[in-house]
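Take a look at the structure set out below.
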Amino acid sequence: MNNIVFGKYIPIDSPIHKIDPRAKILALFILIAAVFVPRSWWMYLLLGVIILSVVLISKIKLKMILKTLKPTVFMMIFLLIINCFSVNTGFVVVELFGKAIYSDAIFNTLFIVVRLLLMIMITTVLTATTKPLDLTLGIESLLSPLKVFHFPYHEVAMMISIALRFIPTIIEETIRIMNSQKSRGVDFEEGKLSEKINAILSLIIPLFTVAFQRAYELADAMEARGYVPDKDRTKYHVLKMNANDILFICFTLFLLVLSILSRIYL
């Protein structure tokens, strides 16, 4: 859990870190759309290679990315079981305990798993290569056209940024509470189901208490610094896009077009 990257900014000097946060946010949504469009394994192979290359260029350790994906294993197994019982098309791959498992059940599960893995990798790269403040400024800048509809774009951007920032904090608090509970004899791995449930309850209650306490402290700190949500604010750091940022967005748009074409012709 210490090596989870999602939501944690990693200060490394890489080309991905230098890209404008607005460009990275736009690229995130474009790539997610590109991931959900195709039906061809060749297109998924291309997207996987490109996204993996982006991870390597950002200098984020692949081992840490894989550990971030580890919590999704249970959900993948659950999806496979549901599809095996609900999908009855294609050819029979194997029969287990008198139940035939069809090829479409496996392929549909693989499509969902690949999409989920690629989406998590893309989102992890965004949060690991973008400072929380830059992420807030980027979201606020992208939502600013909605101010003509009196949409509270600044408040929404601030809430998203705080939520992302709290992820590594909550993880650290979870580790600290688990270690404290283990020192008192609580076992999170062994024992009966009822004992495991009690162990999890002993973790959740103090975790919620700590989370609320952190939220109150943050609110007091912001209020003490004169933060007023609905007032106009000046910015010390002004975002500026350059040619590399535009090229980055154009490249992701090109991948989206390829995904749409692959859906039509492959």
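The values are calculated or read from the model by the stated rules, or taken from the named source; none is laboratory data. Computed from a predicted structure; not experimentally measured. FYI the Cβ positions are ideal-geometry reconstructions off the backbone, even for glycines, and counts take in every protein chain you see. Areas reflect the complete protein model, heavy atoms only, side chains present, ligands, DNA and RNA absent. Shrake-Rupley method; radii C 1.70, N 1.55, O 1.52, S 1.80 Å.
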Given a Förster distance of 30 Å, the FRET efficiency implied by the Cβ-Cβ spacing of Ile170 and Val73, rounded to the nearest 0.05, works out to 0.90
Below 8 Å, C-alpha to C-alpha, sequence gap of six or more: please give me the relative contact order for the chain in percent. 34 percent
Suppose each label sits 7 Å from its Cα in the direction of the beta carbon; what would the Ala219-Ile10 distance come out to in nanometres? 3.5 nm
The FRET efficiency for Lys147 and Ala33, from their Cβ-Cβ distance with R0 = 30 Å and rounded to 0.05, is 0.75
So between Leu133 and Ala100, what do we pick up on full extension, going 0.36 nm a residue minus the alpha carbon distance? 6.6 nm
Hey, what's the chain come to in accessible area per residue, 1.4 Å probe, Å²? 63 Å²
Please list, in order along the range 11-17, the HN-Hα scalar couplings obtained from phi with the Karplus expression 6.51 cos²θ - 1.76 cosθ + 1.60 (θ = phi - 60°), rounded to whole Hz, x for Gly and Pro. x, 10, 8, 9, x, 5, 4
Using DSSP H assignments, which helices in the chain have an axial alpha-carbon span of 15 Å or above and a mean Kyte-Doolittle hydropathy of 1.0 or higher? 21-36, 41-57, 73-86, 103-129, 132-143, 243-265
If packing is taken as the average count of other Cβ atoms within 10 Å, what order do 9-16, 96-103 fall into, highest mean first? 9-16, 96-103
Given the whole protein assembly as supplied and a 1.4 Å probe, what does the accessible area of Glu95 come to in Å², nearest 10? 120 Å²
Where a ≥ b ≥ c are the square roots of the eigenvalues of the C-alpha gyration tensor, would you call the range 173-266 rounded, which needs a/c under 1.5, or, failing that, prolate if a/b is larger than b/c, or oblate? oblate
Residues in the range 50-73 near a label at Leu266, defined as backbone nitrogen under 15 Å from the 7 Å Cα→Cβ point? 50-51
Computed over the Cα atoms of the range 110-205, what is the ratio Rg over Rh, Rh following Kirkwood? 1.16
extent check for the range 45-160: Cα max minus min per principal axis, descending, whole Å, gives 59, 38, 25
Put a dot 7 Å past each Cα toward the Cβ at Asn179 and Ile82; how far apart are the dots in nm? 3.7 nm
Residues meeting the amide H criterion for Val93 (H placed from the backbone, H to H distance under 5 Å, 5 or more places apart or on another chain) are Ile101, Tyr102, Ser103
If you rank Ser40, Ser86 by how much accessible surface each has, with a 1.4 Å probe, what is the order from largest down? Ser86, Ser40
Phe212: accessible area at probe 1.4 Å, nearest 10 Å²? 120 Å²
Keeping all protein chains in position, work out how much accessible area Phe149 exposes to a 1.4 Å probe, and write it in Å² to the nearest 10. 150 Å²
Gyration tensor on Cα atoms of the range 119-163, a ≥ b ≥ c root eigenvalues, a/c under 1.5 rounded, else prolate if a/b beats b/c, else oblate, says prolate
Specify which labelled value, from [x] 1.10; [y] 1.05; [z] 1.21, agrees with Cα Rg over 2.2 N^0.38 Å derived from the coordinates of the model shown. [z]
So for the pair Asn242, Val156, with labels modelled 7 Å out along Cα→Cβ, what separation do we get in nm? 3.1 nm
Roll a 1.4 angstrom probe over the protein heavy atoms and tell me the percent of accessible area of the chain that is carbon or sulfur. 69 percent
